[in-house]
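Laboratory data are not the source of any read-out in this text; all were calculated from the coordinates shown. In this text, all values refer to a predicted model and were calculated from it rather than measured experimentally. Backbone-built Cβ (ideal geometry, glycine too); neighbour counts: all protein chains shown.
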């Protein structure tokens, strides 16, 4: 069985995600522009 490696996001990545979402962009749109699944933004 293989072990799943969890992605680690930098502080800059997280700040950009917050900036996109608080800039009135939807979470789904922000996730697409960042290249992650929307659920990832909910978890951060």
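Looking only at the stretch 34-44, count every residue that is loosely packed, with under 15 Cβ neighbours inside 10 Å and either out of contact with any helix residue (DSSP H, G or I) (no Cβ under 7 Å at 6 or more places or on another chain) or touching a residue at least 12 places away in the same chain (Cβ under 8 Å) (or both) and tell me the total.
Residues in the stretch 34-44 being loosely packed, with under 15 Cβ neighbours inside 10 Å and either out of contact with any helix residue (DSSP H, G or I) (no Cβ under 7 Å at 6 or more places or on another chain) or touching a residue at least 12 places away in the same chain (Cβ under 8 Å) (or both): 5 in total.
I'd like to verify a number: residues in the stretch 21-33 that are out of contact with any helix residue (DSSP H, G or I) (no Cβ under 7 Å at 6 or more places or on another chain) and assigned to a helix (DSSP H, G or I), how many?
Final tally of qualifying residues: 3.
Mind telling me which of the residues 18, 36, 5 ends up being under 9 Å from the mean Cα position of the chain (by Cα) and assigned to a loop (DSSP other than H, G, I, E, B)?
Going through 18, 36, 5 in turn, the sole match is 36.
Mind counting the residues in the stretch 21-33 that are more than 11 Å from the chain's Cα centre (by Cα) and surrounded by fewer than 12 Cβ atoms within 10 Å (Cβ to Cβ)? Spell out the reasoning first.
Looking only at the stretch 21-33, we keep the residues that are more than 11 Å from the chain's Cα centre (by Cα), and these are 22-26.
Retained after the next criterion (residues that are surrounded by fewer than 12 Cβ atoms within 10 Å (Cβ to Cβ)): 22-24, 26.
Residues in the stretch 21-33 being more than 11 Å from the chain's Cα centre (by Cα) and surrounded by fewer than 12 Cβ atoms within 10 Å (Cβ to Cβ): 4 in total.
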